[in-house]
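Only the coordinates and a few stated rules stand behind these numbers; no lab work does. Because the structure is predicted, anything quoted here is derived from the model rather than measured. Don't worry about glycine lacking a Cβ; one is built from the backbone with ideal geometry, like all the others, and counts go over all protein chains shown.
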Amino acid sequence: MSTNQNPKILRIVKVILDILFVLLVIVSVFLVLWIALSPLILRVTDIAILSSVPVAIGAGAEPRIEVEVAEAEAKDIRFAYVDEAQGTLRLETTDWYLIFISNLAKLLTALGLAYLIYLLRSVIKALQQGEVFTLENVVRIRRIGYLVLIVAFVRALVEYIAAYEILNRLEILKPPLSLPSPFEAEVILTSLLILVLAQVWSYGLELERERALTV
């Protein structure tokens, strides 16, 4: 179906992407100012600042939480537990390093998503102009595929470091907390699918060029 047959859909998507792009830019600027000014805020006001990091609930190599089962109500169930439980640890701190490391992942994610949406906006704009199978679109889609992987990896790494630093300073007995999962397999699959789409787009570009030569 031609893109000219759905100009309204493209316009709606473009407006949504424009709004998301502006919001992400605002969030990025706010996080930069928050991280940069937090030492001054701590020195002037001496108040604790809220920080947060993702954690796994449970202990051991495979964190899990045991569930107490009443024998009278569950005679056939001997043991039960919750596996892969995740949560967000929030704490008030006056340590600027903890504030910095806990907000760094949010800042990098916001910047990465802003650039990703910028690339998507460029693709939508090209489609609106009838420029579908172009080298620029192939490059943009390929960059989106790599960007999804890089942002997810960097975010997971920074969150892992932040959780490590914070948990090492806490003596938590209940519930036991451990480091979050360093990476999600779904992200790799998403990135690969986008890269495959970029390759299909590249084949479409070659076919378009061949068709232009035969006309």
I need to check one value: relative contact order of segment 93-211, counting alpha carbon pairs closer than 8 Å and at least 6 residues apart, in percent. 36 percent
How large is the helix-only mean residue ellipticity at 222 nm for the chain, computed as the sum of -39500 (n - 2.57) over DSSP H runs with n ≥ 4, divided by its residue count, in deg cm²/dmol to the nearest 500? -23000 deg cm²/dmol
Among (i) 1.02; (ii) 1.04; (iii) 1.13, the entry matching Rg/Rh (Cα atoms, Kirkwood Rh) as calculated here is (iii)
Which residue, E184, E84, E171, has the most motion in a Gaussian network model of the chain that connects Cα atoms within less than 10 Å? E171
What nm value, rounded to one decimal, do you get for the distance between E92 and V32 when each label is placed 7 Å out toward the C-beta? 3.0 nm
Listed residues V44, V29, V132; largest mean-square fluctuation, Gaussian network over the chain with Cα springs below 10 Å, found at V44
Among A152, A80, A105, determine the one that fluctuates most according to a GNM of the chain built with springs between C-alpha atoms less than 10 Å apart. A80
Between L89 and residues 5 or more places away or on another chain, which pairs have amide H atoms under 5 Å apart, with H built 1.01 Å from N, and which residues are they? V53, V55
Jot down the per residue volume, in cubic angstrom and as a whole number, of the convex hull over the alpha-carbon atoms of segment 132-171. 43 Å³
Could you give the Stokes-Einstein D for segment 94-165 in µm² per second, using the C-alpha Kirkwood radius, 20 °C, 1.002 mPa s? 155 µm²/s
Rounded to the nearest 0.05, what FRET efficiency is calculated for R11 and R211 with R0 set to 22 Å and r the Cβ-Cβ distance? 0.20
Determine the shape class of segment 66-190: with a ≥ b ≥ c the square roots of the Cα gyration tensor eigenvalues, call it rounded for a/c under 1.5, and otherwise prolate if a/b is greater than b/c, oblate otherwise. oblate
